[in-house]
Structures are given as structure tokens and as C-alpha cells.
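Let me begin by presenting the structure, written as C-alpha cells, before commenting on it.
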């Protein structure tokens, strides 16, 4: 089916409009040419009849006017009553005129010759009927040209656009890492062929880039896992030392917890870097424990500040999501709120279909709010890396969630993570 934005539809409309323009102009020219030729022929005929009638009248001294269906003639000599001439002609001066006599339209030629006034009239009804018939034929011709142009435009556009359609299908079927050669019909020495070759070069560059990204991710994963394994192994060895006091064991626990979080976070980030498909087997995650863990961690960080972190759990939703990813999202929302709040409170509310984090911090201006999700954008902040909210947006996009921010300068900020379309 055609839609108004398709090339074939636009080409068909363009051809139809072009055909309409040509047919209208051509029909107008033909009509006025025929009409002008008929008018001139009528005038020449009337003039010839008048000249012949005047010549015979002067020669024979007897006026014998033409009296046919089309032509009629009258003469008004000095001293003769005007009643011999129709009333519609009395006031006419020498020259060409058009009058209505008994409901019919007539063309009239009036001329003064040898002190007499001659009237030669021509019944224009048949000429007008012929003109109307000719106009009807021109209208039918215009309609035929418009329809023919539209049909021809559609057929021609389909032929012209078909290489572009094949090219679009080829580009749509191209997948990274799979060698796709353009169809043979596209390798031509024209614009479509050049476009196909340009896309082929682009796909090759894209494949090279993806391969470099895969190698980089694999190298980073390997290089980070080794020192993390060493750190966690050393922590396990130290935990067995009976000489450690409670303070030291608490610090070791924090190191171990941070190391395990880093391992899990690295695995999740590498997973997020991979394209998510419908067949991905991800676990069903209970959100409440994740939120509680993130809040506990930030309460410890805010222990010496004037900010109160409050948690309100009103439901216990479950999502098909990697636990570490939802933890990263909540953790970044809390970190962002803590960074911009020096006093007051931070509230996290967990409902059935969403998570809401609100604070009494500095808030954001409309300009900052418009760029809040831009990577590395920090606004008025002088610290941080500007990746927290952008990372939340990436995680939300991966799972089809919605992220909304409501903020006003000096009044605080509220960020809502809405996942109702994916909750169970």
C-alpha cells in the first residue's frame, strides 16, 4: 500500500500534477485558439456577406438580403422607417456588436455605405454549441491525461524506486559481523550503485569498529578480573587472622563487599554493552532487597552529614532484570541526590510500578534539566563525572522503562523510574 510519504506516491502525485498542468495549459490554448479562429472566420464571413450585399444593392438598386438559418441582413436608407429593422439593432453604431434577439445570441456587423446603414447579423447559437461540445472534449482529454499521468507515474516510479527498495532491504538485513554483499542488481554504474557501494564500505567500517569494541571489552574484563581476584583472595586470607580487632575486620568486610560489587558491576556493564534480544534469559529480581541494600550503603556514607535518607517500601515488585543493573540505577539516583543535597532529606519511595527518589537539594534550571541525561554533562557541579543519570537512562532504555525528572532551582529534584510495563 502507498502512503503519502512514500517515493512512489510522491512521484505519482508529481506526474499527475504535471499532467494536469500540461493538459490544462494545452486545453486552454486549444480552446482559445479555436474560439479566436471561429470568431475571426465569422467576422470575415460577415464582412464578405456585407460587401457582397452592398455591391449587389448598388448595382441592381434592389436590396436582396441573405436570409438563412445563420445569416440575416437589413438596410436602413434615409427616409425609411426604423421599424424594418429589429428594435435590438436601432441603437447600434457602425462596428461589431453582440446582441440577444428572441432569446438567441447574434453577432452583428453595422456599416454605413452610400448614405445607407447596413446590418448583417449572424446566429451564434450553433457556434456556441460547437464551442461547448469542444470544451467538453477538452475536459475529457484533461481527465484522461491526468489519470494517464498518475498511472504512468506510479508504474514508472515503481520501476525507478525498486532499486532503492532493494537497497533498503539489503541495509535492513545487514548484521554486524556478517558479510553482506549488495545484490547484483544494485552494483550498477549509477547513483543507486554508488550508494550501495558506500553502504558496503560503511558496514565494513562498522564491523571493524564492533570488532575493536569486542576486543577492548574482552581485554578490560580480563585485566580487571585478575587484580580483583587477587584483592578478594588477600581479603579472605586476612579474615583468617585471629589478631585482627573488630575495627579492622569491619574495614576488611567493606573492602570485600566493594570488591564483590565491582565484580558484579563489571559483569553487568559488559552485559549492558551487548545488544539485548528477546531470547535473553535474565532472572526474576525482587526489587525491595536491592533498594534496601542501596539505601543502607548511602546511609552509611551520609552518617556525618545533615541529610536524612528515608525509605518507604509500599510494594514488593519483581522484574525480569539483572540485579546488578537495577542496583546501579538506584545507586546512581541516590548518589546524584546526595551530591546535590547538603541539608534536609532524601526520600526513596518504592511502589508497585515505580521508584521515586526526591530530595531537598539545589534543583536544576530549565537548561540543566534539558541536558540532564547527556553523558559527561555536570551542569553547575564542579565535581563528579556526569555519567550517573546517563547510565540510568541507558539501563532504562535497555528494559523499556521511563525516566522522568521534575526539578526547580532551590526547591529540589524528583526522579521517577517507571517500570510498570515490565512488572509482574
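The values are calculated or read from the model by the stated rules, or taken from the named source; none is laboratory data. These figures come from a predicted structure and were not determined experimentally. Virtual Cβ from ideal backbone geometry, glycine too; neighbours counted across all protein chains shown.
Here are the numbers:
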item: Qualifying residue in segment 281-288 (condition: touching a helix residue (DSSP H, G or I) at 6+ places or on another chain (Cβ under 7 Å), in contact (Cβ under 8 Å) with a residue 60 or more places away in the chain and either within 25 Å of residue 261 (Cα to Cα) or in the same structural domain as residue 409 (by TED's automatic domain parsing) (or both)); result: yes
item: Residues of segment 221-243 classified as touching a helix residue (DSSP H, G or I) at 6+ places or on another chain (Cβ under 8 Å), over 22 Å from residue 293 (Cβ atoms) and modelled with pLDDT of 85 or more, total; result: 1
item: Selection status of residue 211, modelled with pLDDT of 85 or more, closer than 24 Å to residue 267 by Cα, in a helix (DSSP H, G or I) and out of contact with any strand residue (DSSP E or B) (no Cβ under 7 Å at 6 or more places or on another chain); result: no
item: Considering residues of segment 323-347 that are in contact with a strand residue (DSSP E or B) (Cβ under 7 Å, 6 or more places away or on another chain) and more than 17 Å from residue 306 (Cα to Cα) only, the residue surrounded by the fewest Cβ atoms within 10 Å (Cβ to Cβ); result: 323
item: Which listed residue is at pLDDT below 85, surrounded by 14 or more Cβ atoms within 10 Å (Cβ to Cβ), touching a strand residue (DSSP E or B) at 6+ places or on another chain (Cβ under 6 Å) and assigned to a helix (DSSP H, G or I), from 54, 34, 13; result: 54
item: Check on residue 312, modelled with pLDDT of 85 or more and either in the same structural domain as residue 210 (by TED's automatic domain parsing) or not in a helix (DSSP H, G or I) (or both); result: yes
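Residues checked against (1) within 17 Å of residue 329 (Cβ to Cβ); (2) at pLDDT below 85; (3) not in a strand (DSSP E or B):
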{"site": "355", "(1), (2), (3)": "yes, no, no"}
{"site": "368", "(1), (2), (3)": "no, no, yes"}
{"site": "386", "(1), (2), (3)": "yes, yes, yes"}
{"site": "397", "(1), (2), (3)": "yes, no, yes"}
{"site": "414", "(1), (2), (3)": "yes, no, no"}
